[in-house]
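Everything on this sheet refers to the single structure shown next.
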Amino acid sequence: MTLPLLGAGLIATLPKSDGLAAKRAALITTSLVAIATIAMAVGFQRDNVDMQFVESYKWIPSFGINYALGIDGIALVLILMSTILAPIVVLAGWNEAHGGRWSVKTFYILILVLETMVIGVFAASDLFLFYVFFEAMLIPVYFLIGGYGTGARSAAAVKFLLYSLFGGLLMLASIIGLYVISGTTTDGHTFDIIKLSEIHNSMSSTTQNLLFLGFFIAFAIKAPLWPFHTWLPDAAKAATPGTSVLLLGILDKVGTFGMIRYCLTLFPDASKTFTPIILALSLISILYGAFLAIGERDIKRLIAFTSISHFGFITMGIFAMTSQGHSGAIFYMFSHGFSTAALFLVAGWMISRRGSSTIADFGGLQRVTPVMAWMFFLAGMSSLALPGLSSFVSEFLVLVGTYTRYPALAIIATFGIVLAALYILIPVQRALHGPITPGNEGLRDLNLREKIAIAPVIAIIIAFGVYPSPILNVINPAAAHVIAKLGFTDPIPSAGGK
Amino acid sequence: MNPFIIPTLSYTLLSPILIVLAGALIGVLVEAFVSLKRRGITQLVLTLSTLVLSLFQVWNIRGAQSNSAVMSSVIIDGPGVLLQASILIISIISVFLIADTDNFTALAAALPGSDEERVSLQSGNQVTEVFPLTLFAISGMLLFPVASDLITLFVALEMLSLPLYLMAGLSRRRRLLSQEAALKYFLLGSFSSAFFLFGAAYLYGYAGNVTFVSIASAVVGGSGNDVILFIGIAFLSIGLLFKVGAVPFHAWSPDVYQGAPTPVTAFMAAATKVAAFGAMLRIFYTALAEANWSWVPFLTVIAIITMLFGSFVAIAQSDIKRMLAYSSIAHAGFFLTGVIALNQAGLSASIFYLFSYGITTVGAFAVVTLVRDSSGEIGDINRWSGLGKRSPWIATIFAGFLLAFAGIPLTSGFIGKFSIFSAAYESGAKNVVIAGVLSSAIAAFFYIRVIVLMFFKDPIDDGTSVVIPSVLTRTTVIASFVVTIALGVFPAPLIDFINNYAIFVR
């Protein structure tokens, strides 16, 4: 678990060199981190629901703040996803930094700082430390969007930052509330999330509801859930494809991760109170994101809207309060990371070759650039959850998990899948098939570097679609533990059920 | 008739103040007798060594717990010592900035635009009276948070204010604006002094004595007239709230911040806040703690208005110094939440936040002195655009200061904000915490706007340049930046230190 330090330590050596050296150093660092994480995952005890790889140092003793890290199955899966995606992003976006405002090396320093903080956010087992990473993470993303993006990049970066800061400050108010209450109930003030998860009994329900809302709104902005989503399409459009992968694939997971780790465990009663509202918001997100995606002409904004729809599924899985729903939601986060990465990376290559991000400008790519077209097709299929791909497993689990408790909701949400077929197949058909749009004849296919970058993503999507149990074995005990702690038992399908 | 009692003075306990006063007097003599060529450097060395010696004395008396240093007019205790140390450290950092005499008029006595002024500018006949004035102001500031009766408090208030009025008028460029600022500061300052005295008179009428101890016991006894107590507290607070620039008594501060020479603004904004809030903490925590029914609601309203108003109006500012002035108004609101908290955590948090905010403020204004064109500093924020490209280091450091003001984690501002809000929440002032969090969100907007301008906009070619910082200014900028980040990442030692000492002697 010294990985965050490893990442940060190597950044320090970077500024000496420039350009290519910085790229190589970044690639090597992120790959090493990924390998180390995989090694760690192998050593993870799957059936142990407690925090593992725990380390803890005193940071600010007078406030009871520790630099405490530890991971459970949920965090492990997300860290795994983040660290595997990082070198892919570096490799796939080899030339991304050149259009930027600042030097190439700054770009990679920002990416490495961001990776450090993401790992920290998932691994923190001290609420204060989590908040520090949660907020500090915004700064590198802000500069990545604003400094290296395209189009209205600074406006998009500011919009992103202000939305997130606003949510973060609401959460800060709630954290202060929790901190003060912890001083009156346990032995002294604490930020340890395990101790904090035991104090909810001593809060009045009003207090609990208000504190819950502070956390939930922050995470809903991050995730993003309708109606807090408006920053996402702009940010995704303005950012470089690599940054978009980091943003949608990894960072937004912090929102849904936070809902499980903090909203549910710290405020179980309030979570139950708000469940109907949140499920309604999720359903709106699923359908609203899908409808907007169908009408969208810009390929990057389209991917952003599909993500809003997917995040609706994840939130629904979380708040369905069944263990299948939870496992599904966590697995969904994992597979969504990879399918979004595939979509954004291929779309990014298409855009940089064609010089346009409008879907109508593409056409007949199947004939001109067959490899790229197939990759885009596969990524699209993964996004609409084709059976045999990992996203199918997760979507299926979410829907089954929701159905056992809220059948009507699951049925309506199924329409989201139908819509997904539309919003994916329409651009696939326009961009890949049909006559070659004038101007597309000379496009080059993927080169070796790009093929190497996309290969693991596609491999993971297919491998865990066919054989998901390695990941599910890690997730299931953790998910069941959360549900059990909340006092829910999975509804047993009645004998007459169809 | 009472026999005259010979006052007993504990010189050791008073030595930090006395050393600074002596240094100031020597400074006056230096100004008169040392030759022009050596005057600047002599003054700088004298001022710095005075301050360092005084800080050393503060360190020596850190464990003292005495309420009889001067016939119960001065209390030396933990919080007092901490505040004195904060003031001295902030002053030492500011003095490096003040020593850059390029910011000050050559001859303050000459009328703006007169021949006399031109001659003294051309001949390089730079007077350096700003050093002794600074020392006089510091000695007042050192006395202010340890004063324990209303008369001493008033004397300290005037001691720190009078030199500041003069210093505000010393700017080398745009002298008329500077002199207008000085006059405005003086007039409104006199007003506030009058309010203060009026309130002090009522409190004397209520308690029959001016010492905090007897006011406190009169409040506990509860035999006095509550109306008189209330009027007294209200007017006394108004006088103090003027000094810290809380809404609706803030009107002077944007003009004075803008008009005064920037090094003076830095010093004033940082050190005066520490001194004034130090005094407020002492009065409200010791003398009037039991009368909290009368002032807590009043200060709560003021704090909420101050935070929200400061943040909202700052958005509309186009001058960097005015923007920082409104940001400092909003911060005054944050500090007030520490006063309202009225608990041990509130006291420690306030001292920590005052210190770290002071350091950050000095650093931010030091950067402002560096961004110039041929006619002096550039106030217009729009002309700061593209600074990140021209001078990435300065822009990065300034962005760091702004993020600290905004309270982003890993800066001292975050720890300060967190600790002061949690203290206020603990005391039940949840509405203040919510207002504070909301105004932080609003405030983030204008801090980020400056960062956007510096980094994401292309430079306009209009002769804006960043002067290569002199060694002196560089010391200020780097020292404050290091402290700002260090207190954000490793605040534990300082917090523990403050917690050990921050207990008022009543």
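The values are calculated or read from the model by the stated rules, or taken from the named source; none is laboratory data. Here the structure is a predicted model, which is why all the values come from computation and not from measurement. Reconstructed Cβ throughout: ideal geometry from the backbone, glycine too, with neighbour counts over all protein chains shown.
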So which helices (runs of 4 or more DSSP H) are wholly in segment B:194-297 and hold at least 1 residues that are touching a Lys or Arg at 6+ places or on another chain (Cβ under 9 Å), of a type outside the set (F, W, Y) and over 26 Å from B:G78 (Cβ atoms)?
B:252-259, B:262-267
Sort out which residues of segment B:45-79 are buried (at least 19 other Cβ atoms within 10 Å of the Cβ), small (G, A, S) and closer than 15 Å to B:V213 by Cβ, and write them in order of number.
B:A69, B:S73
Tally, over segment B:427-438, of residues that are crowded, with 24+ Cβ neighbours inside 10 Å, more than 9 Å from every other protein chain (Cβ to nearest Cβ) and assigned to a helix (DSSP H, G or I):
1
Checking B:V45 against (1) in contact with a Gly (Cβ under 8 Å, 6 or more places away or on another chain); (2) more than 29 Å from B:Q344 (Cβ to Cβ), which single condition isn't satisfied?
(1)
Picking from B:A64, B:A99, B:A85, which residue would you name as being under 20 Å from B:I359 (Cα atoms), small (G, A, S) and at pLDDT below 90?
B:A99
Selected residue [within 30 Å of B:A287 (Cα to Cα) and not hydrophobic (A, V, I, L, M, F, W, C)] from B:G124, B:G78, B:G113:
B:G78
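Here's the yes/no breakdown for (1) free of Cβ contacts under 8 Å to residues at least 12 places away in the same chain; (2) at the interface with chain B (Cβ under 9 Å from one of its Cβ atoms); (3) part of a helix (DSSP H, G or I):
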{"residue": "A:T116", "(1), (2), (3)": "no, no, yes"}
{"residue": "A:F134", "(1), (2), (3)": "no, yes, yes"}
{"residue": "A:I139", "(1), (2), (3)": "yes, yes, yes"}
{"residue": "A:I145", "(1), (2), (3)": "no, no, yes"}
{"residue": "A:S154", "(1), (2), (3)": "yes, yes, yes"}
{"residue": "A:K159", "(1), (2), (3)": "no, no, yes"}
{"residue": "A:I175", "(1), (2), (3)": "no, yes, yes"}
{"residue": "A:G183", "(1), (2), (3)": "yes, yes, yes"}
Counted residues, segment A:186-203 - those being surrounded by fewer than 23 Cβ atoms within 10 Å (Cβ to Cβ) and within 13 Å of chain B (Cβ to nearest Cβ)
2
Any residue at all in segment B:340-350 that is under 27 Å from B:M307 (Cα atoms), part of a loop (DSSP other than H, G, I, E, B) and modelled with pLDDT under 90?
yes
Tell me yes or no: at least one residue of segment B:368-375 is in contact (Cβ under 8 Å) with a residue 12 or more places away in the chain and within 14 Å of chain A (Cβ to nearest Cβ).
no
Condition check for B:G488: in a loop (DSSP other than H, G, I, E, B) and either touching a residue at least 12 places away in the same chain (Cβ under 8 Å) or within 13 Å of chain A (Cβ to nearest Cβ) (or both):
no
Top-ranked residue in segment B:371-426 [being out of contact with any Lys or Arg (no Cβ under 7 Å at 6 or more places or on another chain) and in a strand (DSSP E or B); ranked as surrounded by the most Cβ atoms within 10 Å (Cβ to Cβ)]:
B:V371
Within segment A:421-473, which residues are in a helix (DSSP H, G or I), over 14 Å from A:F376 (Cα atoms) and either of a type in the set (D, E, K, R) or outside the structural domain of A:F362 (by TED's automatic domain parsing) (or both)?
A:R449
Among (1) assigned to a helix (DSSP H, G or I); (2) among the β-branched types (V, I, T); (3) surrounded by 15 or more Cβ atoms within 10 Å (Cβ to Cβ), there is one condition B:V482 misses while meeting the rest; what is its number?
(3)
Specify which of the listed residues (A:G242, A:G167, A:G249) is of a type outside the set (S, T, Y), in contact (Cβ under 8 Å) with a residue 40 or more places away in the chain, buried (at least 24 other Cβ atoms within 10 Å of the Cβ) and within 14 Å of chain B (Cβ to nearest Cβ).
A:G167
Among the numbered criteria (1) within 14 Å of another protein chain (Cβ to nearest Cβ); (2) closer than 28 Å to B:A479 by Cβ, which single criterion is violated by B:R383?
(1)
Which condition number in (1) modelled with pLDDT under 80; (2) farther than 19 Å from A:T315 by Cα is the one that A:M381 fails?
(1)
